[in-house]
Structures are given as C-alpha cells and as structure tokens.
1. State, to one decimal in nm, how far the label point of residue 39 lies from the label point of residue 163, with both points 7 Å from Cα in the Cβ direction.
2. Any chance you could run the full-extension gain for residue 150 through residue 61? It's 0.36 nm times the residue separation minus the Cα-Cα distance, nm to one decimal.
3. Got a sec? How would 165, 74, 158, 177 order by Cβ neighbour count within 10 Å, fewest to most?
4. Hey, what's the Cα Rg ratio for region 127-181 versus the globular rule of thumb, 2.2 N^0.38 Å?
5. Return the FRET efficiency for the residue pair residue 128, residue 73: r is the Cβ-Cβ distance, R0 is 25 Å, and the value is rounded to the nearest 0.05.
6. Working out 0.36 nm times the residue gap between residue 136 and residue 180, then minus their Cα-Cα distance, what length gain in nm do you get to one decimal?
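Bear in mind these aren't lab numbers, they're just calculated from the coordinates by the rules spelled out. In this text, all values refer to a predicted model and were calculated from it rather than measured experimentally. Heads up, the Cβs are rebuilt from the backbone with ideal geometry, glycines too, and the neighbour counts pull from every protein chain shown.
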C-alpha cells in the first residue's frame, strides 16, 4: 500500500477540518493513489448533488480520487438550489464569499448576469424584471399598477433596508450593543422581530391548548370545580 493512500472517511475529516480556514493548503491533504480505474470503479460515492455533495466531489477529484455523485433528481443543485430558483446574489462578489475560498476552480468562475432577473407572465401583464436595478424595477411595476405605486415603493424600501440591516448585523460578527439594537437595526427590529415574537406567543398558546386537551376527563372536571 502506498504511503499517500488514505481511507475515504479520513480524507473527509481532514477536508472538513481545513474548510474553516481562509484558504485551504491542498499540499497537506491526502492524494489518491493515481491508479487507473475502470468506468465502474470509484474511490467515493456521494449521495446528493447539493452544494455540499458537489463540493465534496470537487475536493476528491482535485486530489486525484475518482468520486461518483448520485442524485435522484434530473438536475443537480440540491435542496438549497431547487429547480424553481430564479434569483441569486452569487454574482455579486462584494460581501458574498466563495463556497470554499480554497477552491481556485470556484473562485475563478465568472458569473455573467442575465439582463432580466426573471419574467412574469399573466393574462393581462408580461413583466420582465431587470437585473440589479431597483429604481427601474419600481418604475416598471408602478407602470403596470399605477394605483399601487406608493405601496410598491415602500415595500422595496423596506426590503432594501432589511438587506442593509442584515448585512450590517453579519459584519458585526456578534459584537452588537443590544441596548442600541433598535437604533442600529431599525428594520430588523420593526419587521422581523415582531413576527418572531408573535410566532412564539402563538406556539405557546397551541402548546397550552394541546396540554389541556390531552388531560384526563376526570382531572378536567376537578379543575373546573376548583
């Protein structure tokens, strides 16, 4: 057995340990034996072609192993990239990290934006939403629905504010003064937090009702007399 051969599980453990670093040093990771294999021989079988599965397969292949990726759907992408996806910010390198910075194969990929973000076809409307142009998008929708112009503008303003707040929160890396949270992150405070708290209250009510329903009848009668 060659010294550079290694078990698949050990390779994965080594890879995962290095993923958290800013850049993987591929020289310290094990390499495949390099032996010629037939079309039906593989070093590793990966179930699912999501981002994790494809990344793992790319890591195996880059190190000289022969991986097999199995996917039940007719398209790769996995749960996070379902076939109905029509919008992503991966093309915006500012603030969007590469999947794994240690993969030059990924970091060198050029994302070419399509002129239209997506197209919506209704019986009365055919709308082509432009790529990364918020003012034009607002004017376009307002042109189709002039009576809703104010609401459309306010909606997109809130969405942009949420986007800015979430990015700011992410950059803070947990170093947030909670006493100043409403002032520093106004849209998150006014929009997202109330929904979260409301959900917790509703969930608590249902849990309480479920507990009462499951109580024995005799105990319920005793409680009602108390």
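1. Here the answer is 4.6 nm between the modelled labels.
2. Working it through step by step, the gained length comes to 26.7 nm.
3. Result, fewest neighbours first: 74, 177, 158, 165.
4. Taking N as the residue count of region 127-181, the ratio is 1.52.
5. For residue 128 and residue 73, the calculated efficiency is 0.35.
6. Gain on stretching residue 136 to residue 180: 12.4 nm.
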